[in-house]
Structures are given as C-alpha cells and as structure tokens.
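Let me begin by presenting the structure, written as structure tokens, before commenting on it.
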Amino acid sequence: MKNNLICVLIGAPGAGKGTQAKNVANHFKCKLISTGDILRENVENKTVLGLEAKKYIDNGNLAPAQIVVSMIKNVIKSSIEKKDASDNNFLFDGFPRDLEQNKLFEQILAQLNLSIKAVIYINIEDDVVYERLTNRRVCPKCNRVYHLKFNPPKFDNLCDDCKVALITREDDKIDVIKKRLEVYKQLTEPLIEYYRKKNKVIEINGNKDAEEVLKDIISGINCAKQ
Ligand code: AP5
C-alpha cells in the first residue's frame, strides 16, 4: 500500500464540512473532492447527471450510489493522470456517505493501491444543525458560504467578493433539513461505526468556533499520519 494521505470528512448536514474542507486540503496539499459541490455544479449546468441527481437532492435523499461512485472514480483517475493531486493525496467531503458507497469506494482505492488514512467525524447536536442551516447563505457565483450570525457578509446579503445577492440553498428548507438529518442517521452513522471499529475515526467537537475546529482537525490528521 502506498503511503498517501487519503482522508474523509464526515458529519451531519451543517456540521461544517464545507467550511473546513478547503483549509484542511490546503494545509495538507490534498486534492479536495466534494460530492455535494460536484452534484450542485451538474444541477446548475443541467447535465444529464445533474437532472437525475436534482430529484434526490431537492427531497433530501442521497443520489444513487452508482452515479456518485462512477463520478468519483472518474475524478480520482483524472486527477492522478493530470497529477493535480500532490502525491495522490485526497480529501473527500461528503463521500462516501453510506456502507454501499463505501464498499465500492474501497474497491476503487484497492485497485489504485491506496487506502483511507483517517475519517474526520465532525460531531454537532441536532439543534445546531437547524441553527446552522437556516442561517446559511451562499454566493451563487463563487459558492462562498456565509452564516447570518457567525460569518455574515460585510454588506447586507451581498457576497464580499462578487457583490452579488446571496441565496438560500434549496435543500436548506426546514422540511428538507429534517429529511437530510434522518437520512444521515439511518445511512451515514453506520458508516462512522464501521470506521470506528477500524480505529480510523478522529472525532472532532464541531460546536467550537470554526478556527478551533480547524486546529483540532489538523492536529488529529497529524497524529493519524504518524
Ligand atoms: P452536501 O452538500 O454534501 O450537504 P451536507 O452533507 O448535508 O452538508 P452541508 O453542505 O449542508 O453542510 P456542511 O457540513 O458542509 O456545513 P457548512 O460548512 O456549509 O450534499 C447535499 C446533497 O447532495 C445531499 O443531501 C445529497 O442529496 C447529495 N449528495 C452529496 N454527496 C452525496 C453522496 N456522496 N452520495 C449521494 N448523494 C450525495 O456549514 C453550515 C453553516 O454553518 C454555514 O453557514 C457556515 O458558515 C456555518 N458554520 C460552519 N462551521 C461553523 C462553526 N464552527 N461555528 C459556527 N458556524 C459554522
């Protein structure tokens, strides 16, 4: 097995995975792969994949495993071919999402002689999930994420960088958040237990402020690397 850094960010909707992902990937020079971002880009561009995935995303369900896994396989292979992942280090945000995806993912990694080093589990309470997601706003142009209380834009509802009006994600409506949380508990929590048994889980208290969460993730990954 090669000594690559392959990490997975996992946690409830709104746990702060997206907020942390870029900084963690920059710190460890990993190629960041976020299935939520890739799927939303496809929805935005009305690709065949996006049109199919939209039906699931809008209802708070997971997109079918075959679609997501083949998409991931292509992204990994093309990154390796283009050498845009330094030393083939990858950080996955929001993937794998359940045991079915994980089984296929492990097969792909094994074919490439790679394996997961650490699963970063950002843990937050259910009431924090609602508080985070109902106050989340995103820039439709650059995808920068804001929070109305904890990370507000400088000017009323405008992206600091693009100056365009911020939007609320379609799946951040209360009834869809409820469904996403149910799906998370039913399908993703068993995956966390699977990796706990393999001693791969680094549990992070996601209720702290974002900078402290980042420090905890970095020190957790540094320990896992040793
Ligand atoms: P995805 O985009 O992955 O959504 P999610 O997992 O539900 O996570 P979120 O993006 O909602 O939250 P986050 O943890 O990134 O939080 P954020 O950093 O934004 O997936 C969306 C949908 O796509 C899925 O429901 C599914 O349909 C589909 N999909 C995706 N991956 C799939 C897969 N593998 N298989 C099948 N389907 C898939 O933070 C939230 C808010 O809190 C922000 O406002 C932020 O500013 C704020 N915040 C963050 N951290 C803190 C902090 N420490 N303190 C205070 N505020 C904070």
ask   = Pick from 197, 17, 179: which residue has the top mean-square fluctuation in a GNM of the chain where Cα pairs under 10 Å get a spring?
value = 197
message = Given the -39500 (n - 2.57) contribution per DSSP H run of 4+ residues, what per-residue ellipticity at 222 nm results for the chain, rounded to the nearest 500 deg cm²/dmol?
response = -14500 deg cm²/dmol
inquiry  = Using a Gaussian network model on the chain with a 10 Å cutoff between Cα atoms, which of 75, 176, 164 fluctuates the most?
reply    = 164
ask   = So which chymotrypsin sites (Phe, Trp or Tyr not before Pro) in the stretch 80-184 pass both tests, a DSSP loop state and at most 15 other Cβ atoms within 10 Å of the Cβ?
value = 150
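Using a cut-off of 10 Å between beta-carbons, work out the net charge of the residues near residue 65 (Lys and Arg +1, Asp and Glu -1, residue 65 not included).
Its environment carries a net charge of 0.
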ask   = With θ set to phi - 60° and the Karplus curve 6.51 cos²θ - 1.76 cosθ + 1.60, what are the ³J(HN,Hα) couplings of the stretch 24-32 in order, to the nearest whole Hz, using x for Gly and Pro?
value = 5, 4, 4, 4, 9, 6, 9, 6, 8
task = Tabulate in residue order the Karplus-calculated ³J(HN,Hα) for the stretch 213-221, using 6.51 cos²θ - 1.76 cosθ + 1.60 with θ = phi - 60°, rounded to whole Hz; enter x for Gly and Pro.
result = 4, 4, 4, 5, 5, 4, 5, x, 5
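Assign unit charges at the C-beta atoms only (+1 for Lys and Arg, -1 for Asp and Glu), then state the dipole size of the chain relative to its Cα centre in Debye, rounded to the nearest 20.
Values: 37 positive and 31 negative charges, 122 e Å.
In debye, rounded to 20, the chain gives about 580.
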note = Measuring from the longest principal axis of the C-alpha atoms of the chain, the long axis of helix 35-44 (C-alpha) lies at a number of degrees, nearest 10, equal to 50 degrees
note = the chain, Gaussian network, Cα under 10 Å: of 46, 29, 117, the residue fluctuating most is 46
In Hz, Karplus ³J(HN,Hα) per residue of the stretch 160-167 (6.51, -1.76, 1.60; θ = phi - 60°; x = Gly, Pro) = 4, 8, 9, 6, 9, 5, 6, 10
Cα-only Debye scattering, the chain: base-10 log of I(q)/I(0) at q = 0.10, 0.16 Å⁻¹ = -0.44, -1.22
task = Count charges around residue 176 for me, please; just the other residues with Cβ under 11 Å from its Cβ, Lys/Arg as +1, Asp/Glu as -1.
result = -1
key: Antiparallel DSSP beta bridges within the chain, as percent of all bridges there, nearest 5   = 30 percent
task = Give the distance, in whole Å, between the Cα centre of the stretch 96-151 and the Cα centre of the stretch 44-92.
result = 13 Å
note = Once Lys and Arg are counted +1 and Asp and Glu -1 for all other residues with Cβ under 15 Å from that of residue 81, the total becomes +3
The stretch 102-217: relative contact order as a whole-number percent, Cα under 8 Å and 6+ apart = 33 percent
message = Shape verdict for the stretch 151-226, please, from the Cα gyration tensor: rounded (a/c under 1.5), prolate (a/b greater than b/c) or oblate.
response = oblate
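What is the mean projected area of the alpha carbon convex hull for the stretch 79-212, to one decimal in square nanometres? Before the final figure, lay out the partial values.
On the way: hull surface 41.2 nm².
So the mean shadow area of the Cα hull is 10.3 nm².
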note = Per the charge dipole of the chain (beta-carbon charges, Lys/Arg positive, Asp/Glu negative, Cα centre), the residue among 57, 224, 124 reaching farthest to the positive end is 224
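Here, each number is a calculation from the coordinates, and none is a lab measurement. Keep in mind that this is a model prediction, so the values were computed, not measured. No Cβ is skipped: glycine too gets one built from the backbone with ideal geometry, and neighbour counts run over all protein chains shown.
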